[in-house]
Structures are given as structure tokens and as C-alpha cells.
1. Based on the mean of other Cβ atoms within 10 Å per residue, sort peptides 129-137, 27-35 so the most packed one is first.
2. For the cross-link pairs 74/102; 34/91; 68/106, which exceed 28 Å when the distance is taken from alpha carbon to alpha carbon?
3. Quick one: Karplus J couplings for the stretch 19-31, per residue in order, coefficients 6.51, -1.76, 1.60, θ = phi - 60°, nearest Hz, x for Gly and Pro?
4. Per-residue HN-Hα couplings for the stretch 137-143, Karplus 6.51 cos²θ - 1.76 cosθ + 1.60 at θ = phi - 60°, whole Hz, x for Gly and Pro?
5. Given 135, 26, 4, which one lies farthest toward the positive end of the charge dipole of the chain, if we put +1 on the Cβ of every Lys and Arg and -1 on the Cβ of every Asp and Glu?
6. For the chain, what % of the accessible area comes from carbon and sulfur atoms, probe 1.4 Å?
7. In whole Hz, with x marking every Gly and Pro, tabulate ³J(HN,Hα) for the stretch 41-51 from phi via Karplus 6.51 cos²θ - 1.76 cosθ + 1.60, θ = phi - 60°.
8. Between the alpha-carbon centers of the stretch 10-42 and the stretch 82-114, tell me the distance in whole angstrom.
Amino acid sequence: MLRFLGMLTIVVLAFVCGVYIGRQGPETLLHKAKQLGTQVLASTNTLERNLSLRTSLVNAKERLVQAKSELLDKNYGKAATGLGEARQALKKAMEAADEENKQKLKEEMEKVEAVKRDVQALKTGVQARVDEIVNELDGLLTR
């Protein structure tokens, strides 16, 4: 019975498609298929860029959290290295970002670079600044 209903559905769909093509013409059908292909391609590209952006932001956040951990352990050299890696991850994220996010990411990169200089100079209070940058990256990730 189920096989019969499946076959009947296929025959009905083929009939409906044949009637539609007969009324509209094959050119219309081809035009609609090309439009659909273009829309799918655009959506895929947008999704890929967003995924790349989010992955890079998560990587940068991970590096910042690791750098904060190194600061707590007083490993300033490893913390500076982690901050440099976070800056590189933000730079990679900037390549996939739109214009609005590029400006924000540039500001974050400058903040990370300033914190890195302060860590290398052994200044105090950098942990709070790292926390601030992590919170701002969280804000970018929730968009």
C-alpha cells in the first residue's frame, strides 16, 4: 500500500511539473532555476564568511583567556606570546568581517597590542584590561 502511494505521488508530481512547464515554457523554468542557484551561492558565501569570523573570534578569545591565566601565574613572557597570537587571530577575523565589524576589530587589535606592551614592560593592572577585551569579544560573538 505504501509503495502504491509513493508511486502515485511521483506520478502526480511529474504530471504537475509537466503541466507547469507546458504553460510557462522551459525558459521560465530555467530562469527560476538559475535564480535559485544564485541565491544558494550567495547564502553559502555569507554563511562561510560568518563562520570564519566567529571561529577567529573564538580563537582570539581563547588566546586572551590563556594569556590571563599566564598573567595570574606571573609568566609574563608566555602571556605576551598569547597576546600576540590573539592579535593574529583578530587580524584573521578582520579579513572576513564587514566594514562595521572591521573598525571594532581594529580597535580591539590596538587594545591587545597596548596590553602586550604593558605586559612586556611589567606594568600592573593588565588583567582587568584583558577581561575588558574578552567581554568586548563576547559582545561581538553574540551578534
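The values are calculated or read from the model by the stated rules, or taken from the named source; none is laboratory data. Everything numeric here is computed off the predicted structure, so don't read it as measured data. Neighbour counts are summed over all protein chains in view; Cβ atoms, including those assigned to glycine, are modelled from backbone coordinates with ideal geometry. Heads up: the accessible areas ignore ligands, DNA and RNA and are worked out on the full protein's heavy atoms, side chains in. Shrake-Rupley method; radii C 1.70, N 1.55, O 1.52, S 1.80 Å.
1. Answer by packing, highest mean first, reads 129-137, 27-35.
2. Flagged as over cut-off: 74/102; 34/91.
3. Computed from phi, the couplings for the stretch 19-31 are 5, 5, 5, x, 7, 8, x, x, 5, 5, 5, 5, 4 Hz.
4. Once θ is set to phi - 60°, the couplings for the stretch 137-143 become 5, 4, x, 5, 6, 7, 5 Hz.
5. Value computed over the given set: 4.
6. Carbon with sulfur: 59 percent of the solvent-accessible area.
7. Per residue, the Karplus-derived 3J(HN,Hα) values read 5, 5, 5, 5, 5, 5, 4, 5, 5, 5, 5 Hz.
8. If we compute the Cα centre of each part, the gap is 45 Å.
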